[in-house]
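Written below as structure tokens is the structure these notes are about.
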Amino acid sequence: APDFKFSGTDIISVGVQDQREPIISQRNKPQLSGIIRGGCLTAFILVFPPIKDEKDYIVLSYFYVPEDTIIERSRQDKVHYDLWAKEGYIKATPGNVIDYDFIRNDILAASKKYNMQEIGYDPWGATELATKLYNEYKIRMVEIRQWKSNISEPAKDILVKVKKGEIDHYGNPVLRWCTDNLVMIPDADEHVRPAKDKATDRIDGFVALINAWTRMMFREETSSIYNKKDLLVL
């Protein structure tokens, strides 16, 4: 089966980041989140499902790079991390490695500001942060192993929503870039997964979106387990 690509240019864009708040504030349904740690780019994504008769899904994106290496990384990856940081699309964390305390504070602020129900996370590199968020702040954390059986259906559903123009990410250039870099590989059973070895560059933002989308689609199936455990593994 052939590989297929998502295209960031297909994702509907209707405004700038500052215009999100009036719309998001009206959304009372549960908000689901995903987080993934990349080598130099970490993504924290929130998904706001439609309300009432609306069809669009609002995607709120937070991206992080180490402040001391942002110029070097911009040259290496040939993208404008530094410009995106100045424009507010990326947050530069202090030092030469990602500062997860900085990210934790943003997550805690989001959990208070929005009706954030839980966070799906990639265990590679994010387990320590997830454990801390659960143990110290009782935020529901769901480990999403990046198996085709876990992420194939959510990835396909995102593609359907993109083609219908039902995902609104407010023109975030970092998420658009990650999406443009993405290649999904199907197997004989028509399961798909992101192929990092075939991606043209970093895809961390889109993988974090898949993690959030996974929890949005399957949260009801695992909600009864929360009576026993708030740190889950899928």
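The values are calculated or read from the model by the stated rules, or taken from the named source; none is laboratory data. Because the structure is predicted, anything quoted here is derived from the model rather than measured. All Cβ positions, glycine included, derive from the backbone under ideal geometry; neighbour counts span all protein chains shown.
Of everything in segment 32-87 that's of a type in the set (Gly, Ala, Ser) and touching a His at 6+ places or on another chain (Cβ under 8 Å), which residue is surrounded by the most Cβ atoms within 10 Å (Cβ to Cβ)?
Step one: of segment 32-87, the residues of a type in the set (Gly, Ala, Ser) are 33-34, 38-39, 43, 61, 74, 85.
The next check asks that each one be touching a His at 6+ places or on another chain (Cβ under 8 Å); those that pass are 61, 74.
Working: Ser61: 22, Ser74: 17.
Among those that are of a type in the set (Gly, Ala, Ser) and touching a His at 6+ places or on another chain (Cβ under 8 Å), it is Ser61.
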Of the residues Asp197, Asp189, only one is assigned to a loop (DSSP other than H, G, I, E, B) and either farther than 23 Å from Leu41 by Cα or in contact with an Asp or Glu (Cβ under 6 Å, 6 or more places away or on another chain) (or both); which?
Asp189
Take the residues of segment 122-150 that are under 29 Å from Ile71 (Cβ atoms) and touching a helix residue (DSSP H, G or I) at 6+ places or on another chain (Cβ under 7 Å): which is modelled with the lowest pLDDT?
Asp122
Number of positions in segment 70-97 that are more than 30 Å from Leu159 (Cβ to Cβ) and touching a helix residue (DSSP H, G or I) at 6+ places or on another chain (Cβ under 9 Å)
9
